[in-house]
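To start, the structure itself, in structure tokens.
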Amino acid sequence: MKKPRIWAEINLEDLRHNLQAIKRHLAGRAKVMAVVKADAYGHGSVPVSIALWEFGVDMFGVGDSSEALELRGVGINTPIVILGGIVDEEIERVVKADITPTLHSVQVGQLVNAEARRQGKVLNVHVMIDTGMGRLGTSPRHALELIEALSKLENLRLEGICSHFSSSPFDRDFTRNQFAEFQQVVAAAETAGYRIPIRHMANSAGCLLYEETALDMVRIGGALLGMDPAGVYAEQFGLRPILSFRSQIVFLKWIPKGSPVGYDRTFIAPRDTRVATTPVGYHDGYSYLLSNRGSVIIRGRRVPVIGGVTMDYTMLDVTDLPEVAVGDEIVLIGSQGNETISAVDVAQVIGTNPYEVTCLLGKRVRRIHIRNALHSSAPPAQDAESVPQAAPIQYRSADA
């Protein structure tokens, strides 16, 4: 098979494996919301969501209305919850597409209610309580006021109440304090006569490390993708990273000892050096911070990045691999032979988290979604292709 210049392979069978592992852990105790915001963390929201629809999730969580409408546009009729805020301009389309907003204030609730009344609908909504994230949501001391006000709006149905862990992989005491505060809000609401059907707070780490936080539904993003920023649950539950990031060598040459490589001469060859150039740069999501610090895998061996990562190209020292040739595959994230470079590894080098690493994959990176034949009522691959994408959606069998 001819290789693209630069591509990401997303293994949907490993996605299925991760979902099944999470469901086994839950043992039917809670529903599963698949969080596919930010283009499924850079993995390709439409094909990933279609696969998850086939595999069986209860809801989808997205960051904004455009992401929700994209999923509705390919025929996904599973409930979709906008976990972030919405603005006035989005409300008409959100209501028309039966998308569930998360509300943080009475004012937005009133606007959504008015639009639902105009369209002759009763719209499900969720309410967010801020227990320590400090981003969105009402404070616990004002939560009952918000719930009471929203419950009086005739064209809204208060389906869910939620909060958001801020430090679940790292700070167990604060996480338990957040959960206790959320439970107090829920109890106060129920005492006041408000029974909200779906309580949800647990993210990936919350679900897998704190069983008591599962409640009625868990919100799973990173764990479905096999990503574990803190290294605290992936191995225990056998989760598999589903994405690999690859390119190829487009040029090879020798440079003499003392020659510079890249802008600003940040690398000077300490010996006669064979340089391989690969067509991936920071525009494609391979961070400039990997300059003279990163490494990739070629022919099952790690080789170092030399010089500054440029917008379109990265240079590698392949002096110790005389067999390397133009066209050889390069693994920037993933495995080859006995070597592996994970998104977590890359994140540690540049001082960020692995979600940013995959979210930054650029529009020139062709996403290739690997899947076996799946049989269900979900739309076929060509429906996904009808949605405008940054790069073409490709499927191929895991056997190809």
Residue 240: passes all of (1) over 17 Å from residue 32 (Cβ atoms); (2) charged (D, E, K, R); (3) out of contact with any helix residue (DSSP H, G or I) (no Cβ under 6 Å at 6 or more places or on another chain) but (3)
Close pairs (8 angstrom Cβ cut-off, 6 or more residues apart or separate chains): in contact (Cβ under 8 Å) with a residue 60 or more places away in the chain in region 89-116, open to solvent by less than 30 Å² (accessible area, probe 1.4 Å) and charged (D, E, K, R) anywhere: 100/159
I need the full set of residues from region 345-354 which are open to solvent by 60 Å² or more (accessible area, probe 1.4 Å) and farther than 16 Å from residue 293 by Cβ, in order please. 353
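Please determine, by comparing only the residues of region 323-344 that are over 30 Å from residue 234 (Cβ atoms) and out of contact with any Lys or Arg (no Cβ under 8 Å at 6 or more places or on another chain), which one is surrounded by the fewest Cβ atoms within 10 Å (Cβ to Cβ). Outline the logic, then answer.
Here is the first cut: in region 323-344, the ones over 30 Å from residue 234 (Cβ atoms) are 323-327.
Restricting the remaining residues to those that are out of contact with any Lys or Arg (no Cβ under 8 Å at 6 or more places or on another chain) gives 325-326.
Values: 325: 13, 326: 11.
Ranking the qualifying residues of region 323-344, first place goes to 326.
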Taking the condition of being under 23 Å from residue 353 (Cβ atoms), open to solvent by 10 Å² or more (accessible area, probe 1.4 Å) and in contact with a Leu (Cβ under 7 Å, 6 or more places away or on another chain), how many residues in region 244-285 meet it? 2
Of (1) open to solvent by less than 30 Å² (accessible area, probe 1.4 Å); (2) within 16 Å of residue 362 (Cβ to Cβ); (3) acidic (Asp, Glu), residue 312 satisfies all except one. Which? (1)
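Tell me the residue from 252, 289, 243 that is out of contact with any Gly (no Cβ under 7 Å at 6 or more places or on another chain), at pLDDT 95 or above, under 16 Å from residue 350 (Cβ atoms) and not basic (Lys, Arg), please.
Working: 252 fails: under 16 Å from residue 350 (Cβ atoms); 243 fails: under 16 Å from residue 350 (Cβ atoms).
Sole residue among the options that is out of contact with any Gly (no Cβ under 7 Å at 6 or more places or on another chain), at pLDDT 95 or above, under 16 Å from residue 350 (Cβ atoms) and not basic (Lys, Arg): 289.
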Just to be sure, is residue 28 open to solvent by 10 Å² or more (accessible area, probe 1.4 Å) and farther than 21 Å from residue 368 by Cα? yes
Can you name the residue in region 149-177 that is of a type in the set (Asp, Glu) and open to solvent by 80 Å² or more (accessible area, probe 1.4 Å) and is also modelled with the highest pLDDT among such residues? 154
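The values are calculated or read from the model by the stated rules, or taken from the named source; none is laboratory data. Quick caveat, the model's predicted, so the values are computed rather than measured. FYI the Cβ positions are ideal-geometry reconstructions off the backbone, even for glycines, and counts take in every protein chain you see. Surface areas here come from the heavy atoms of the whole protein model, side chains and all, with no ligands, DNA or RNA. Shrake-Rupley method; radii C 1.70, N 1.55, O 1.52, S 1.80 Å.
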